[in-house]
Each structure stands twice: as structure tokens, then as C-alpha cells.
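Only one structure is covered here, and it is reproduced in the block below.
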């Protein structure tokens, strides 16, 4: 069984997040770069299965800047068997379609039984990459899972819905995405960190994958403008002088909040 886990480098959630107003891209230097927590949970799901099923190969796959090696290597320290790092300057500011196209090409090139991803990254928050990858790979997708069960031929899971839970399953190969309901990820041990230095780490470019960032046959999203978020304005205070109830009701109606 080969499990490919999508991992992503993101700005630290607890650090400053800023946009470069000249390029319109996230300012990656504004805070420390870390492995996304949801990626770590996806990796934990794969490693938990591998621990109980000898012969399972866990491959960490990332599309990230060339300087992200140490972040991607953390996945090896946690226990992944090897890593594939897609690094290409043409990927700067890649939209969801290009990101999915590149990751799907890398997955198809390496071969897979199951792709495991987080449902939403903490930087872009697009939430559509796993579904787009499944479309490119032409395989079933199970998204937003809070539980997962993997057998030799099938993957199943539970997806929360309004008022209950939905059981879903698909034959392998498939793509799944998991939510933060999954257990906390394991910490890389000292032994794991040292072993990670000797594990296979492959760096590939778009040319290696046969993907063109400027392919005229594929639609890309284009950023037209960007502006800094305006400062918060002072709110409206309603003083109870006997008419507060009416004033509050008028405010709610005026702002279509009631």
C-alpha cells in the first residue's frame, strides 16, 4: 500500500500575516514558516495506518519554494518514508487549479493507492485542492472526513453533516481529506530527526512533471487588484435613555440584521 500525504508550508498561525502590496502574494518573510497543522494531522493518519500494517509506504508530497526543504523534511522526521518536493519559481502565486494540476502530475508520476490531505490549509483556506486533484487523477474523493478506515481495496470514513453524520466509502485508488477532528500529530523524535537526513528526498520541477504554468489551454485565476485591510472604525454606542430598545431595533433593521 502506498499512501501519499499532501503537506504544505504555511506562515505560522501565531505570527503576523501580511500581503505584499506590490505582488499581491503572501509575505512569506513576515513570520516563521511551519508545516501546516492540518497537514501534520493528515500525516498522522497515514503513519497510524502504516504502524499497524507493515509494508505500507508513506510519501510526503509538497509544492513549495526551494527554501522549504527543512519544513518538508519535518514530515520525514515524523515518520514518512520519503519526500517529494515540487520546487519551481513558476509556482509563485499559483492558484488552486495550477496547484492541483502540479500535485496530481507528481502523484501520477510516482503512483499511489491513496492520497491523504487536510481539508483546508491555514493560509489560503481554499479547501478545493483535494477535490481538484481527484478530478485530475480521475479517482473517487471522500472529503471532510472526521474518521477514516483503510483496507487493501477500500477507504471509508465519517463526514459530519447538519444534524448528523454521513458514512461514505470508495474503492482504491482514491483521494481523501481529513478535518481537525483527527488526533494531534506525533512529535518528531531525536531518532526520527536524525534518520530523516538519510531518507530519500526528491526535488522535481514543472518540466519534470510535464506541466506548464502558462499553459493557454488551462484557465488560471488572475489577481486584478489588492489593498490593505482598512483599520476598524469605532462602533455605534446606544445609551439607554428610555429609547434604547427602539434604537437597537432600528439599527438592526437598517443594517438588515433582523
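Within region 209-238, residues that are within 24 Å of residue 61 (Cβ to Cβ) reach no partner that is modelled with pLDDT under 85 and in a loop (DSSP other than H, G, I, E, B) with beta carbons closer than 6 Å at six or more positions or on different chains. Considering the conditions (1) surrounded by 14 or more Cβ atoms within 10 Å (Cβ to Cβ); (2) modelled with pLDDT under 90; (3) part of a loop (DSSP other than H, G, I, E, B), residue 227 is excluded by exactly one of them, (1). Under 12 Å from the mean Cα position of the chain (by Cα), surrounded by 20 or more Cβ atoms within 10 Å (Cβ to Cβ) and free of Cβ contacts under 8 Å to residues at least 60 places away in the same chain: does that describe residue 62? Answer is yes for this residue.
Evaluating residue 34 against the criteria (1) in contact with a strand residue (DSSP E or B) (Cβ under 9 Å, 6 or more places away or on another chain); (2) within 30 Å of residue 230 (Cβ to Cβ); (3) part of a loop (DSSP other than H, G, I, E, B) leaves one unmet condition, (3). Of the residues making up region 2-15, one or more are surrounded by fewer than 21 Cβ atoms within 10 Å (Cβ to Cβ) and closer than 18 Å to residue 110 by Cβ. The single condition among (1) out of contact with any strand residue (DSSP E or B) (no Cβ under 6 Å at 6 or more places or on another chain); (2) assigned to a loop (DSSP other than H, G, I, E, B); (3) at pLDDT 90 or above that residue 69 does not satisfy is (2).
There is no residue in region 88-97 that is under 15 Å from the mean Cα position of the chain (by Cα), at pLDDT 95 or above and not in a loop (DSSP other than H, G, I, E, B). Could you tell me whether any residue of region 171-182 is loosely packed, with under 15 Cβ neighbours inside 10 Å, over 25 Å from residue 71 (Cβ atoms), out of contact with any strand residue (DSSP E or B) (no Cβ under 8 Å at 6 or more places or on another chain) and touching a residue at least 12 places away in the same chain (Cβ under 8 Å)? No, the conditions are met nowhere in region 171-182. Regarding region 131-143, can at least one residue be identified that is more than 17 Å from residue 173 (Cα to Cα) and crowded, with 17+ Cβ neighbours inside 10 Å? No, region 131-143 contains no residue that is more than 17 Å from residue 173 (Cα to Cα) and crowded, with 17+ Cβ neighbours inside 10 Å.
The values are calculated or read from the model by the stated rules, or taken from the named source; none is laboratory data. No experiment lies behind these values; they were computed from the predicted model shown. All Cβ positions, even for glycine, are placed from backbone atoms using ideal geometry, and neighbour counts span all protein chains on display.
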